[in-house]
Structures are given as C-alpha cells and as structure tokens.
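A short write-up of the structure that comes next.
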Amino acid sequence: MALKALDIYKLLPKKNCKECGDPTCLTFAMKLAGGKADVDLCPYLDEQAKTILGATTRPPIKLVKIGVGERSFAVGEEFVLYRHEKTFYHPPGILFKIGDDQPVDAIIAVTKRVKSEAFTRVGSDLQFNGIAVENASGSAETFARAVEIIENVADLPLVLISPDQAALSAALVHCGTYRPLIHAATATNFKEMCSLAKQHGCPLVLKAHGLAELEQLVKKCTAEGAQDLVLDPAPVSLNDFIMSSTAIRQLAITRSSPELGYPVYLDTTGDGTEDAMIALGIVKYAAVMVTSPLNQASAKASLTLRQNIYTDPQKPIQMNPGLYRVGNPDKNAPVLMTVNFSLTFFTLQGYLESSHIPCFMLIVDTEGLSVLTAVAAGKLSESLVRDAIKKFGVETEVGHRSLIIPGYASPLSGRIEEATGWKVLVGPRDAAEIGDFLHEEWEKRKERS
Ligand code: SF4
C-alpha cells in the first residue's frame, strides 16, 4: 500500500536541513508520496525508515536503462494498468533480431537500417531502438565477431541473446561498457549471469515460465546483487503472454508482489503471429520487444501504434506556434490562420499541399486545443491572432492584408478584423474543402484586385 504524505512525514527526521534539495521535510514527503523523489536523498534516515519508505514510495516498476548515449532508452517506471487512468510513460524499445550466423553483409544492412531509418509522423521522428544479436551459431567467437561488426557500424543499444556465459563474455569485450541487455538468467545459470551483469554494469533478463518461478528467480538474482532486471515470462502463445504480462503489471503496481516490479521482455519472432504479437506487446505492457527486421508496412504500423499508445491522453499533441510555408509562397500567397492542435495542423497541411496553391499557415497557440474547442473555451481570441501576426512577421512576408480563418472560428471574424486591421475571409469548416475554397474564393479575390 502506498503511504500518504503525512504518514511519510512522520517517518522523516524533520531537520528541515534542505540536503535532499527540498526546502522542508514536508515538501520532500509530498514528493515521495507522488513517486517524484527517492528516499536515498535524505542522508539522515535510519535503515528501518529507509526500508519502509523505499518499499512504499519507489515507483512500483523499476526504471531500467538500456544502452548509453543518444539512442539509449529507458523502460519501466509505470504506475497504472490502464492508459486513461493517467498515462504510460516509457514506450517499449523495439529491437531487430539477427543471428550471428547471418552473412556479414546482412548484419551490416540491418544495423544500418536501424541506425538511419525514421518515419516522420505528427512532427516526430519514429525509430526502432537497437539490435538483438542471437548466438544462433553456438560459437563464442562468431557471436563476439557479430557484436564487433555491429559496434563498428553504429552505437545502438543491444540485446545479447545466448545461454552460454563464455559467448556472452566474449561479446561483452566489445560492448560491455555500453549497457547491453543480457538475455537471459534462468534457474540453472543465474549465478554466472548475475556475475556477468554485475561485472559489466549491465541490465539482465530473467527468464522463467510462470509467475511463481519468476518471483523465485528475482529473489535469487537480487540476493546475488543484480539490480537492473527485466522479466521474460517465456510465453508459449499470444494468450499466455497477455495473461502473464497483465498479471505481472497488476501485482507490481498494487505492490502485491514487489519481486515482479520490473519491465517485461517479449520476443515476437518464431510462431508466425508476429504482427499480432507486436500489437499486443505494445498495448499489454511489453517494455523490451525483440522482432525480426520488419517489412515497411509492419514497421510503420508498429511505430505508429507505439506512438499513439504512449502519448499522454491528457495532453493534446501540439505544434509550435509560428508561420509555416506550404510550397514556395510569394508576397501574394494566401495566409491561413489555424490552431496548434497537431491533428488540425497536419490535416490542413495535407489538403493545402494537394491544392497546389503555395501559402502560409499561421499557427496560433491554443494550448493544443482544436478550433471548435478553443473558440468555446475562449482560448482563440482576436488578441491572440493579432499578436501572432506581429510576432511571426506576417506583415513582411506578404503584400496584402487578408487572413483566412477556419469556418468554426467565424464568430470571431469581426473582432479579428478590428484588432488586426486585416480583411478576414471565413474558410470552410471542413479542411477537405480548403482546396476548392482557395481555387474559387482566393483566385477570384486576386482577379478582382
Ligand atoms: Fe528533511 Fe531529510 Fe530533506 Fe533534511 S534531507 S530536509 S531532514 S527530508
């Protein structure tokens, strides 16, 4: 059970010394209650209080970092079972699996692809996270060579998959300082695997089928000193994965089984249902997912789904306010004002591009609200439009003084004209009609002037 701030405060030393970075013990207690601080920040806590507070205030699922540098990623530190309760914070890492018995060219090609391939969607570049190298050859030397080849091509997070400690040791010579994820410790080899993980400071996957077996393995591995763990429930089917992954998340966030408070691993290759496995892994709590090198359709679908699930449902995706160009607009080009809700922006931008009329999009800051909502909530106003025209230098970009506003903003047309001195044209409500509108209304207006 999570403790309330006041209960936590009672356990603190109450020195108000600020050494934890907070002005008072009470504010520190409030942060601990919200899972936003670590008990270790207070140097005056005795061991008993630390144990109690640590167990109740640390995030229920440990944050585990994989890789180092720009492409590293972190998983875990999730708090809810359902996204709409709050949000999911750390998107699963998706890594392409390749066997060390593959030709060198194939290993290099997959590595280069993961390094450079990116899909741009709603203003974000979506990428896969790294490479999972499998010791399919059974040879330590071949495994190490494959890892060395990958390391020479790109600095990407790695998963090293082998049951053989000697093979992993040989591979870690090339990547041990870059926090690869080691797969996997089992009931029979956990001592050797924990020792490797500790020696190189790497996160470690624990693999066991059944929650009781996983819990036992976690206890043994933490007793060996392994800290950064990832759980592989070794599912035998899609259904099996959903059942075990959901149970792990439930038991972890309710703190009913602290041993299960670690991110979950899923290998989607092998049983012919990879697309379904990936989709379910993303929505059902997989944190590290190993897939085959996906074809373009599956790749885009996976990254799109991941982006959608891991956006905060309480915060609309926003564009930066500003003046955006569509094509190469000149001084006579139309200026269309709209809001900074990203879906509105990209929908309108798409229709404008297909109209083949170069133009400017003036994006005003409505805190990510759509036009209709922004008008209703008073977030879209004549002063906002006036200030945006000035701030983004629209008057120097065009020689005319005409502004097209969205159809749903028509109640503001008069006030915008008064505040800006610009002639306002009310555009269509449906962005799909903007092409026809520009061809008819804007072109006609040009002919008249
Ligand atoms: Fe209080 Fe400990 Fe923070 Fe000092 S370091 S203010 S004693 S919580």
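The values are calculated or read from the model by the stated rules, or taken from the named source; none is laboratory data. Since this is a predicted model, take the numbers as computed values, not measurements. With ideal geometry, Cβ positions are generated from the backbone for all residues, glycine too; neighbour counts draw on all protein chains shown. Ligands, DNA and RNA are stripped out before the accessible areas are found, and what is left, the full protein with its side chains, is counted by its heavy atoms. Shrake-Rupley method; radii C 1.70, N 1.55, O 1.52, S 1.80 Å.
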Dipole moment magnitude, nearest 20 debye, the chain about Cα centre, only Lys, Arg, Asp, Glu C-beta charged: 1340
How much accessible area per residue does the chain have, counting only protein heavy atoms and a probe of 1.4 Å, in square angstrom? 46
Heavy-atom accessible area of the range 64-309 with neighbours in place, 1.4 angstrom probe: carbon+sulfur share in percent works out to 51
Starting from the amide H of LEU380, placed 1.01 Å from N in the peptide plane, find each other amide H under 5 Å away whose residue is 5 or more places distant or on another chain. VAL375
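Taking all protein chains together and a probe of 1.4 Å, list TYR262, TYR178 from the most accessible to the least accessible.
TYR178, TYR262
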Give the angle, between 0 and 90 degrees and rounded to the nearest 10, that separates the Cα long axis of helix 238-253 from the longest principal axis of the Cα atoms of the chain. 90
Roughly how many Å is it from the Cα centre of the range 1-60 to that of the range 138-208, as a whole number? 36
Please work out how much length the chain gains when fully extended from GLU47 to LYS390, using 0.36 nm per residue of separation minus the C-alpha to C-alpha distance, in nm with one decimal. 117.5 nm
Between ALA301 and THR254, Cβ-based FRET efficiency (R0 22 Å, step 0.05) works out to 0.10
Positive-pole candidate from ALA276, PHE360, PRO293, dipole of the chain, charges at beta carbon: PHE360
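Hey, what did the range 1-130 get for relative contact order, percent, Cα under 8 Å, at least 6 apart?
Worked out over the range 1-130, it gives 15 percent.
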Given a Förster radius of 25 Å and the C-beta distance between SER116 and THR87 as r, what FRET efficiency does 1/(1 + (r/R0)^6) yield to the nearest 0.05? 0.25
May I ask you to evaluate 6.51 cos²θ - 1.76 cosθ + 1.60, the Karplus curve with θ = phi - 60°, for each residue of the range 76-92 and list the ³J(HN,Hα) values in order in whole Hz, giving x for glycine and proline? x, 6, 10, 10, 10, 8, 10, 4, 5, 5, 7, 5, 9, 9, 10, x, x
For the chain, convex hull volume per residue from C-alpha positions, Å³: 185
Restricting to DSSP loop positions (anything but H, G, I, E, B) with no more than 12 other Cβ atoms inside 10 Å of their own Cβ, which chymotrypsin sites (Phe, Trp or Tyr not before Pro) remain in the range 1-108? TYR82
Reciprocal mean inverse distance between Cα atoms of the range 64-309 - Kirkwood radius, Å: 18.0
Taking a probe of 1.4 angstrom, what is the accessible area of HIS400 in Å², to the nearest 10? 20
Can you give me the angle between helix 47-57 and the longest principal axis of the chain, using Cα atoms only, in degrees from 0 to 90, rounded to the nearest 10? 40
Roughly how tilted is helix 140-153, in degrees to the nearest 10 and between 0 and 90, from the longest Cα axis of the chain? 20
Do you know the Lys pair count in the range 322-448 for C-alpha distances under 23 Å, with sequence separation 8 or more or different chains? 12
20 Å reach of a label modelled at ALA187, 7 Å along Cα-to-Cβ, counting backbone N of the range 239-257: 240-241, 244-245, 248
Which cross-chain or sequence-distant (5 or more) residues have an amide H under 5 Å from the amide H of VAL159, H modelled 1.01 Å from N in plane? ILE131, ALA132, VAL133, LEU181
The range 1-151, dipole about Cα centre (Lys/Arg Cβ +1, Asp/Glu Cβ -1), debye to the nearest 20: 800
The range 5-57, accessible surface, carbon-and-sulfur percent (1.4 angstrom probe): 57
Show the residues, 5+ positions off or on another chain, whose built amide H is closer than 5 Å to the amide H of VAL230. LEU204, VAL205, LEU206
With the Cα gyration tensor of the range 5-57 in hand, give its eigenvalues times 5 under a square root as the equivalent ellipsoid semi-axes, listed largest first in whole angstrom. 14, 12, 10
When DSSP beta bridges are limited to those with both residues in the range 322-448, what percentage is antiparallel, rounded to the nearest 5? 35
Expressed as a whole percentage, what fraction of the accessible surface of the range 322-448 belongs to carbon and sulfur atoms when a 1.4 Å probe is rolled over the protein heavy atoms? 48
Taking N as the number of residues in the range 347-449, what value does Rg over Cα atoms divided by 2.2 N^0.38 Å take? 1.04
Calc'd 3J(HN,Hα), the range 408-420, phi into Karplus 6.51 cos²θ - 1.76 cosθ + 1.60 (θ = phi - 60°), Hz, glycine/Pro = x, comes to 6, 9, 4, x, 9, 4, x, 5, 5, 4, 5, 6, 9
